[in-house]
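Enquirer: Handing you this structure, nothing more for now.
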There are 4 protein chains.
Amino acid sequence: MFDKLIEAFLKFPGIGPRQAKRFVYFLAGQDEKFLKNLAGLFLEIKKDIKQCDSCFRFFSKPGFDAKKPAFRCEICSDINREKNLLMVVEKDVDLENIEKSRAYNGKYFVLGGMLSLNGKNRLSSPRFKELFNKTGKERPKEIIIATSATIEGENTARYAEKILEPLAKKFQLKVSRLGRGLSTGTELEFIDSETMTNALRNRQ
Amino acid sequence: MFDKLIEAFLKFPGIGPRQAKRFVYFLAGQDEKFLKNLAGLFLEIKKDIKQCDSCFRFFSKPGFDAKKPAFRCEICSDINREKNLLMVVEKDVDLENIEKSRAYNGKYFVLGGMLSLNGKNRLSSPRFKELFNKTGKERPKEIIIATSATIEGENTARYAEKILEPLAKKFQLKVSRLGRGLSTGTELEFIDSETMTNALRNRQ
Amino acid sequence: MFDKLIEAFLKFPGIGPRQAKRFVYFLAGQDEKFLKNLAGLFLEIKKDIKQCDSCFRFFSKPGFDAKKPAFRCEICSDINREKNLLMVVEKDVDLENIEKSRAYNGKYFVLGGMLSLNGKNRLSSPRFKELFNKTGKERPKEIIIATSATIEGENTARYAEKILEPLAKKFQLKVSRLGRGLSTGTELEFIDSETMTNALRNRQ
Amino acid sequence: MFDKLIEAFLKFPGIGPRQAKRFVYFLAGQDEKFLKNLAGLFLEIKKDIKQCDSCFRFFSKPGFDAKKPAFRCEICSDINREKNLLMVVEKDVDLENIEKSRAYNGKYFVLGGMLSLNGKNRLSSPRFKELFNKTGKERPKEIIIATSATIEGENTARYAEKILEPLAKKFQLKVSRLGRGLSTGTELEFIDSETMTNALRNRQ
């Protein structure tokens with residue numbers, strides 16, 4: 001029981017053995033009401049937090065009709081957002097952070113995973129097939145691959161580009177990537193060769 | 001729903017808004033089975049993880065008879081442990097860490113909280129009354145106050161000593177504190193005045 | 001004496017009171033030979049390390065004729081380097097780091113300082129006048145302002161652009177800045193608004 | 001020249017290649033006056049900063065008679081300090097830090113080095129012989145070995161004790177070490193086994 005809970009918490013993002021243990025002690029010290037309430041919330045997650053059929057992000061929409069087959073999140077249904085721009089992100093928190101920056105007004109697609117280099121996908125594999133289908137159906141003018149500037153992110157971006165290539169040719173879609181260069185705070189004294197090369201190439 | 005879950009996770013030890021949100025997204029992405037299993041574990045915590053009637057630590061004891069009124073953890077019931085020594089700790093993980101050091105072979109008492117300086121007790125208040133009662137009943141020869149060497153820890157220790165004072169006099173119990181001085185790795189170049197004063201006074 | 005040395009070391013880049021003191025104790029513990037040798041090196045710095053008349057970087061050129069009025073460093077005299085490209089950097093170590101990246105094959109100009117926002121220039125003020133003169137004389141086709149992506153760096157870049165503006169118009173020089181965007185390792189989850197805006201605008 | 005200076009700065013405590021280079025550039029950018037002044041200070045260090053004949057710490061005593069053979073620092077000459085207590089420290093900054101704590105009013109002896117485990121003594125070897133001689137001559141009542149709680153510090157302390165053993169027996173000197181235990185800020189949750197063992201043994 002103790003071990004099963006530890007095991008479950010270890011699956012939570014960013015949680016190691018020490019904190020998993022602290023969680024169990026924390027829960028053991030709570031009253032029945034708190035635990036029942038929490039368990040109840042867990043059972044209802046699927047009812048109230050839905051995955052958008054179109055962009056695959058999770059969104060909360062209390063009171064919606066669970067029998068209706070198609071759900072669209074508020075971004076996908078927003079007619080004021082540029083539908084010709086599709087930004088491909090890895091995960092929900094990336095999308096949220098981009099929204100917070102107010103720099104983007106197009107649509108999104110959440111891959112839900114990264115192509116790992118060693119073949120170990122921690123949670124789930126990227127939705128490349130769904131990206132292909134959505135692109136073929138909606139034919140945006142530009143698809144922006146917005147993965148992190150990490151090895152896994154670059155790898156995932158490259159793979160997404162390859163998959164989108166036939167559609168890009170057929171429908172003359174532009175497939176772009178976020179610009180590389182100096183991010184806020186970068187000092188020339190400590191800049192790495194890759195960033196320097198990118199910053200120079202993308203000078204303007 | 002989303003917000004209620006965030007709110008609940010914010011009560012978990014060491015969890016801030018960003019990680020609470022990541023937890024919710026993580027859970028939203030899990031299948032029903034995982035969620036049901038987790039909710040089930042939460043509801044059973046109280047059945048399988050019990051608080052020791054004697055030292056107040058939490059311990060896992062599957063299959064024990066819930067109708068029996070008194071529970072003793074394996075440390076409190078261990079006749080090979082020195083019953084004349086009682087170590088007072090703040091919380092379960094402290095106790096676990098001390099056990100791991102194999103430095104101590106007496107009994108424990110878990111206060112379950114610290115006396116905060118600003119009057120805000122985050123989770124629960126220290127069990128001073130229970131400490132008093134247990135001491136009066138069991139009359140160990142020595143009580144070691146093993147709180148952290150922080151302001152809150154010192155404050156809690158001082159208060160515990162004061163509460164135990166009448167019993168200490170009446171039954172000639174010794175009340176001690178963990179030794180202060182150089183901890184492993186301390187360098188004289190960076191030592192603080194308080195530690196230097198303690199290290200000098202406790203030289204041997 | 002002790003205090004004078006401390007004071008002198010405090011002027012060294014990145015040295016605070018504690019390390020200044022350690023330096024003095026270190027020197028006090030060295031033998032006469034070491035100290036004489038070090039003092040000798042200090043007196044000869046100006047003989048062997050020269051500042052390039054053209055780009056203002058410091059370079060070591062033992063045995064050159066100190067009476068000759070004009071010195072050019074090996075980069076400025078290298079005919080294999082693109083003379084139509086001039087990169088403006090803040091300081092010598094920035095230049096060295098860019099050279100290490102092998103991303104750039106043009107010429108340089110070392111400003112030797114940053115425009116601080118609070119008016120306190122730590123060591124020296126930027127050589128804007130010399131930049132203006134060199135640009136007017138050599139007329140490169142493009143000047144790349146390569147300051148750090150910090151507030152001071154941006155401020156200095158803006159000022160340099162303004163100063164170069166009349167020359168840029170007159171001789172049709174392009175004045176550019178290093179590209180902004182995702183630097184190596186940037187994760188979308190933690191990206192700041194400014195970098196996101198830049199990365200989106202500079203997508204390709 | 002450039003490389004010789006780098007090499008010299010690399011011998012300074014806590015200085016790595018990057019900072020050594022920054023120092024050289026910094027010096028190259030200074031005027032002759034600054035460099036001459038600094039070189040002058042280096043040459044005078046030995047005149048104004050002296051090593052105490054009795055405790056081997058460095059101290060500044062401008063204007064003292066360099067021909068007088070014996071120098072005593074102000075601590076060694078202070079008749080208000082407890083001469084029966086001798087504290088053995090590794091280096092000058094340790095002594096300074098202890099003085100700052102105002103926890104100690106006895107005399108000192110600066111070893112000037114640590115016994116390294118791998119046989120590489122970075123700057124100089126500990127003055128064990130001088131410690132032996134001073135102890136035999138001055139016969140304090142107690143010698144406190146105040147090395148850091150690191151592996152090298154413990155090793156040096158052990159060796160010092162062994163060397164002092166015959167004198168300790170002969171003159172009935174007490175040889176002690178700084179107390180071990182919880183240093184300020186130590187939390188029980190993160191305490192290491194060695195510190196826990198010491199804190200428990202030294203409880204009071």
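Every number here is computed from the coordinates shown, using simple stated rules; none is lab data. Since the structure is predicted, the reported quantities are computational estimates derived from the model, not experimental observations. In this analysis, Cβ positions are derived from the backbone assuming ideal geometry, glycine residues included, and neighbour counts consider all displayed protein chains.
Enquirer: If you take every DSSP beta bridge fully contained in chain A, what fraction is antiparallel? Give it as a percent rounded to 5. Kindly include the intermediate steps, with their values, before the conclusion.
Expert: Working: 3 of 16 bridges.
Approximately 20 percent, going by the DSSP bridge assignments.
Enquirer: When the helix-only estimate is applied to chain B (DSSP H runs of n ≥ 4, each -39,500 (n - 2.57), divided by the residue count), what is the mean residue ellipticity at 222 nm, nearest 500 deg cm²/dmol?
Expert: Taking each H run of at least 4 residues, the total per residue is -13500 deg cm²/dmol.
Enquirer: Quick one: dipole size for the protein assembly as shown, taken about the Cα centre, charges +1 on Lys/Arg Cβ and -1 on Asp/Glu Cβ, in debye to the nearest 20. Provide the component values of the computation, followed by the final result.
Expert: Working: 152 positive and 108 negative charges, 1 e Å.
Approximately 0 debye in magnitude.
Enquirer: A follow-up question, please. Which cross-chain or sequence-distant (5 or more) residues have an amide H under 5 Å from the amide H of D:PHE109, H modelled 1.01 Å from N in plane?
Expert: Distant-sequence amide H within range of D:PHE109: D:MET87, D:VAL88, D:VAL89.
Enquirer: Using 7 Å Cα-to-Cβ label points, what is the A:PHE132/C:LYS141 separation (nm, one decimal)?
Expert: Label at A:PHE132, label at C:LYS141, 4.4 nm between them.
Enquirer: Of A:LYS46, B:LYS169, how do they rank once you tally other Cβ atoms within 10 Å and put the fewest first?
Expert: In increasing order of surrounding Cβ atoms, one gets B:LYS169, A:LYS46.
Enquirer: Averaged across D:139-149, how many Cβ atoms of other chains sit within 10 Å of each residue's Cβ atom? Please report the intermediate quantities before stating the final value.
Expert: Working: counts 0, 0, 0, 1, 0, 3, 1, 7, 3, 8, 10.
Per-residue shielding by partner chains comes out at 3.
Enquirer: Please average, across the residues of B:30-43, the number of beta carbons from any other chain that are within 10 Å of each residue's own beta carbon, and give a whole number. Don't jump to the answer; show the numbers that get you there.
Expert: Details: counts 6, 1, 3, 0, 3, 7, 4, 3, 10, 10, 4, 12, 13, 6.
Mean inter-chain Cβ contacts per residue within 10 Å come to 6.
Enquirer: Please list the radius of gyration and Dmax for the protein assembly as shown, considering alpha-carbon atoms only, with Å as the unit.
Expert: Cα only, the protein assembly as shown: 34.6, 101 Å (Rg, Dmax).
Enquirer: Another question, if that's okay. Is there a simple number for the mean count of other chain Cβ atoms within 10 Å of the Cβ of residues in B:15-25, and what is it? Walk me through the numbers before you get to the answer.
Expert: Working: counts 7, 0, 0, 5, 5, 0, 3, 8, 5, 6, 8.
Rounded to a whole number, the mean comes out at 4.
Enquirer: Can you give me the relative contact order of chain C as a percent, contacts being Cα pairs under 8 Å and 6 or more apart? Intermediate results must be reported in sequence, preceding the final value.
Expert: Details: 235 pairs, mean separation 26.4, N = 204.
For chain C, the relative contact order is 13 percent.
Enquirer: Okay, next question. Using a label point 7 Å beyond Cα on the Cα-Cβ vector, give me the inter-copy distances for A:LYS174 in nanometres, one decimal, shortest first.
Expert: List, nearest first: 1.8, 8.1, 8.3 nm.
Enquirer: Which percent, nearest 5, of DSSP beta bridges in the protein assembly as shown are antiparallel?
Expert: Details: 12 of 68 bridges.
So the antiparallel bridges in the protein assembly as shown amount to around 20 percent.
Enquirer: If you average 1/r across every pair of different Cα atoms in chain C and take the reciprocal, what Kirkwood value do you get, in Å? List each step's numbers first, then the result.
Expert: Working: mean 1/r = 0.0502 Å⁻¹.
Its Kirkwood hydrodynamic radius stands at 19.9 Å.
Enquirer: Here is a follow-up. More than 18 angstrom separation, counting every C-alpha pair in the range C:104-204; what % is that?
Expert: Numbers: 2782 of 5050 pairs.
Roughly 55 percent, once rounded to a whole number.
Enquirer: Please give the FRET efficiency for C:ASN84 paired with D:GLU44, using the beta carbon to beta carbon distance and R0 = 51 Å, rounded to the nearest 0.05. Mind showing how you got there, number by number?
Expert: Values: r = 52 Å, r/R0 = 1.02.
The pair C:ASN84/D:GLU44 has a calculated efficiency of 0.45.
Enquirer: Taking the label point 7 Å from Cα in the Cβ direction, how far apart in nm is C:ASN105 from each other copy of itself, listed shortest first?
Expert: Inter-copy label distances (nm, one decimal, shortest first): 4.3, 7.6, 7.6.
Enquirer: Then there is this: In chain D, which residue puts its Cβ closest to the axis that turns chain D onto chain C, and how many whole Å away is it?
Expert: Value returned for chain D: D:ALA39, 2.
Enquirer: While we're on this one: Taking B:SER116 in one copy and the same position in all the others, each labelled 7 Å out along Cα→Cβ, what are the pairwise distances from the first, in nm, shortest first?
Expert: So the distances to the same position in the other copies read 3.9, 4.1, 4.9 nm.
Enquirer: Then there's this: When the Cα centres of the range B:120-173 and the range A:105-180 are compared, how far apart do they sit, in Å?
Expert: Computed from Cα coordinates, the inter-centre distance equals 61 Å.
Enquirer: Then there is this: Normalised by the number of residues in the range D:84-204, what is the relative contact order in percent for Cα pairs under 8 Å and 6+ residues apart? Write out the running numbers ahead of the final one.
Expert: On the way: 157 pairs, mean separation 28.2, N = 121.
Relative contact order comes out at 23 percent.
Enquirer: Follow-up question, since we're still on this one. Find, to one decimal place in angstroms, the Kirkwood hydrodynamic radius of the range D:1-110, where the mean of 1/r is taken over every pair of different Cα atoms and then inverted.
Expert: Values: mean 1/r = 0.0597 Å⁻¹.
By the Kirkwood definition, the hydrodynamic radius is 16.8 Å.
Enquirer: Too long at a 21 Å Cα-Cα cut-off: which of C:LYS50/D:LYS21; A:LYS36/B:LYS4; D:LYS11/D:LYS162; A:LYS21/A:LYS50; B:LYS134/B:LYS169?
Expert: Numbers: C:LYS50/D:LYS21 15 Å; A:LYS36/B:LYS4 13 Å; D:LYS11/D:LYS162 31 Å; A:LYS21/A:LYS50 30 Å; B:LYS134/B:LYS169 16 Å.
From the list (C:LYS50/D:LYS21; A:LYS36/B:LYS4; D:LYS11/D:LYS162; A:LYS21/A:LYS50; B:LYS134/B:LYS169), the Cα-Cα distance tops 21 Å for D:LYS11/D:LYS162; A:LYS21/A:LYS50.
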